[in-house]
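One structure below.
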Amino acid sequence: QVQLVESGGGLVQPGGSLRISCLASGSTFGINLMAWYRQAPGKQRELVATIDAGGTTTYAAAVKGRCTISRVNAGNTVSLQMNSLKPEDTAVYYCNAVRLGMAFWGKGTLVTVSS
């Protein structure tokens, strides 16, 4: 099993920046993909960014150029640096890890972009 705990969410003004992180623990060996998803009120959960074991990253079109995903701490921590935040970025952000074909989820961290 893999446990994921997100942190760093909060209230930020439009145009501001925020960094959220996810700490993976448990059976972390063999995690080959980590990702951030988000779910806005009344909307479906959507993929924000991914990073694989080799460090290759992908981004949703809505955040490309404004967000950077990275893995540190021997890969057990994945962070999402978000810049130029917009009100439409408001959502609960969920950490996701894939290990041996199984997906694991954190409980989410709320990011609110508002003046």
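The values are calculated or read from the model by the stated rules, or taken from the named source; none is laboratory data. Here the structure is a predicted model, which means the values were calculated and not measured. Counting neighbours? That spans all protein chains shown, and the Cβs are built from the backbone with ideal geometry, glycine included. For the accessible areas, the whole protein counts, side chains as well, though only heavy atoms, and no ligand, DNA or RNA atoms are used. Shrake-Rupley method; radii C 1.70, N 1.55, O 1.52, S 1.80 Å.
Between beta-carbons, use under 14 Å as the cut-off and find the net charge around Gly15, counting Lys and Arg +1, Asp and Glu -1.
Charge balance in the 14 Å sphere: 0.
Can you tell me what share of the DSSP beta bridges in the chain is antiparallel? A percent to the nearest 5 is fine.
In the chain, approximately 95 percent of DSSP beta bridges are antiparallel ones.
Pairs of alpha-carbon atoms within less than 8 angstrom and 6+ residues apart define the contacts here; what relative contact order does region 5-54 have, in percent?
27
Using a 4.7 Å Cβ cut-off, which Cys residues in the chain lack a partner cysteine?
Flagged as lacking a Cys partner: Cys67.
Quick one: pull the percent of accessible area on the chain belonging to carbon and sulfur, 1.4 Å probe, ligands and nucleic acids left out.
Values: 3180 of 6010 Å².
Summing carbon and sulfur atoms, their accessible area is 53 percent of the total for the chain.
Pick out, in residue order, every one of the chymotrypsin sites (Phe, Trp or Tyr not before Pro) in region 15-50 that is DSSP loop and has at most 13 other C-beta atoms within 10 Å; say none if there are none.
Hits after loop and neighbour filter: Phe29.
If I take every Cα pair under 8 Å that is 6 or more residues apart in the chain, average their sequence separation and divide by the length, what percent do I get for the relative contact order? Kindly include the intermediate steps, with their values, before the conclusion.
Numbers: 281 pairs, mean separation 42.6, N = 115.
37 percent.
Protein chains only, probe 1.4 Å: how do Glu46, Glu88 rank by accessible area, largest first?
Greatest to least solvent exposure: Glu88, Glu46.
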